[in-house]
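What follows is a single structure, written as structure tokens, with notes after it.
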Amino acid sequence: ILSTADEKIEAIAEQIQKHETLKKGLLQKLLREGIGHTEFKESELGSLPVGWEIVKLKEILTVKYGKSQKDVEDENGEYPILGTGGLMGYANSFLCDKPSVLIGRKGTIDKPQYKDTPFWTVDTLFYTDIKENVALAKYVYFKFLTIQWRTLNEASGVPSLSAPNIHAVKMQLPPLEEQKQIADILSTADEKLEVLSAKKEKFETLKKGLLQKLLSGEVRV
């Protein structure tokens, strides 16, 4: 029985790895070549579809600082408090209530996060105010995943980023409609990975429960 569960878990893990490799390739291709382009031009960031432009991040967003959560922390709060490692608790207030991309200021500086519901960020995590008339937050998030943030590290000890350094980063920017199409394709790939991860977790939980029952003698083989 346990070997069957192990086989299922292993098979799903292989599927996850395959999908992650496919998504990585898709991410690089779409953010570099876009969708259905036949004409390209040279730019300082390499070949670029005609109709795209090169922008500095400061042209499409403003980096904002997180704040200490001590005055807003509330176990019954409805807004997540986010740090560089993810969820840290809940707050009764929020710092941002529109789609945003978050990036570490100190510590983990190479794990961007995306939020499209109100949230609070602590002072080690930047969030971004994105100019929605030129850039889609979800597209910017996928672009952030490809940026080598560690090359912008300013500290010899704990890794850290500064707002001016982030603002100076250059990126390729498609028209808004194409940003949406690209973000939709990549979001679908993410959703597939989430489904597989949940499936794997379910089998791991079942295996753990079964193992406990076998050890206790509740189930015999």
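The values are calculated or read from the model by the stated rules, or taken from the named source; none is laboratory data. Since the model is a prediction, treat every value here as computed from it, not as a measurement. Cβ atoms come from the backbone with ideal geometry, glycine included; neighbour counts cover every protein chain shown.
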Helices (runs of 4 or more DSSP H) lying entirely in the range 136-221 (those with 3 or more residues that are within 24 Å of Gly34 (Cα to Cα)): 137-144, 176-216
Residues that are more than 19 Å from Thr146 (Cα to Cα) and polar (S, T, N, Q), drawn from the range 79-109: Asn92, Ser93
Of all residues making up the range 1-53, the number that are under 23 Å from Leu145 (Cα atoms), in a strand (DSSP E or B) and aliphatic (A, V, I, L, M): 1
Any hit, the range 57-73, residues being in contact with a helix residue (DSSP H, G or I) (Cβ under 8 Å, 6 or more places away or on another chain), within 18 Å of Tyr127 (Cβ to Cβ) and basic (Lys, Arg): yes
Hits in the range 83-104 - residues which are closer than 9 Å to Leu125 by Cβ and among the polar types (S, T, N, Q): Thr84
Test: residue in the range 93-113 that is at pLDDT below 95, out of contact with any strand residue (DSSP E or B) (no Cβ under 7 Å at 6 or more places or on another chain) and on the phi > 0 side of the Ramachandran plot: yes
Those residues of the range 35-56 which are farther than 19 Å from Tyr139 by Cα and among the aromatic types (Phe, Trp, Tyr), in sequence order: Phe40
Qualifying residues in the range 148-179 (those that are under 23 Å from Val134 (Cα atoms) and among the charged types (D, E, K, R)) - the one surrounded by the most Cβ atoms within 10 Å (Cβ to Cβ): Glu178
Looking only at the range 129-161, and only at residues there that are of a type in the set (Gly, Ala, Ser) and modelled with pLDDT of 95 or more, the one that is farthest from Ile103 (Cα to Cα): Ala135
Those residues of the range 156-176 which are of a type outside the set (S, T, N, Q) and free of Cβ contacts under 8 Å to residues at least 24 places away in the same chain, in sequence order: Gly157, Pro164
Selection within the range 8-34 - within 19 Å of Leu136 (Cβ to Cβ) and either loosely packed, with under 13 Cβ neighbours inside 10 Å or of a type in the set (S, T, N, Q) (or both): Gln28, Lys29
The range 116-136 - residue that is under 26 Å from Leu27 (Cα atoms) and surrounded by fewer than 20 Cβ atoms within 10 Å (Cβ to Cβ) and, of those, nearest to the chain's Cα centre (by Cα): Asp116
Failed item in (1) outside the structural domain of Pro118 (by TED's automatic domain parsing); (2) charged (D, E, K, R); (3) over 16 Å from Met171 (Cβ atoms), with Asp74 passing the rest: (1)
The range 73-87, subset touching a Phe, Trp or Tyr at 6+ places or on another chain (Cβ under 9 Å) and in a strand (DSSP E or B), residue farthest from Ala135 (Cα to Cα): Glu73
Enumeration of residues in the range 181-221 that are hydrophobic (A, V, I, L, M, F, W, C), within 22 Å of Lys18 (Cβ to Cβ) and without any contact (Cβ under 8 Å) to a residue 24 or more places away in the chain: Val195, Ala198
Test: residue in the range 4-22 that is without any contact (Cβ under 8 Å) to a residue 40 or more places away in the chain and over 28 Å from Ser187 (Cβ atoms): yes
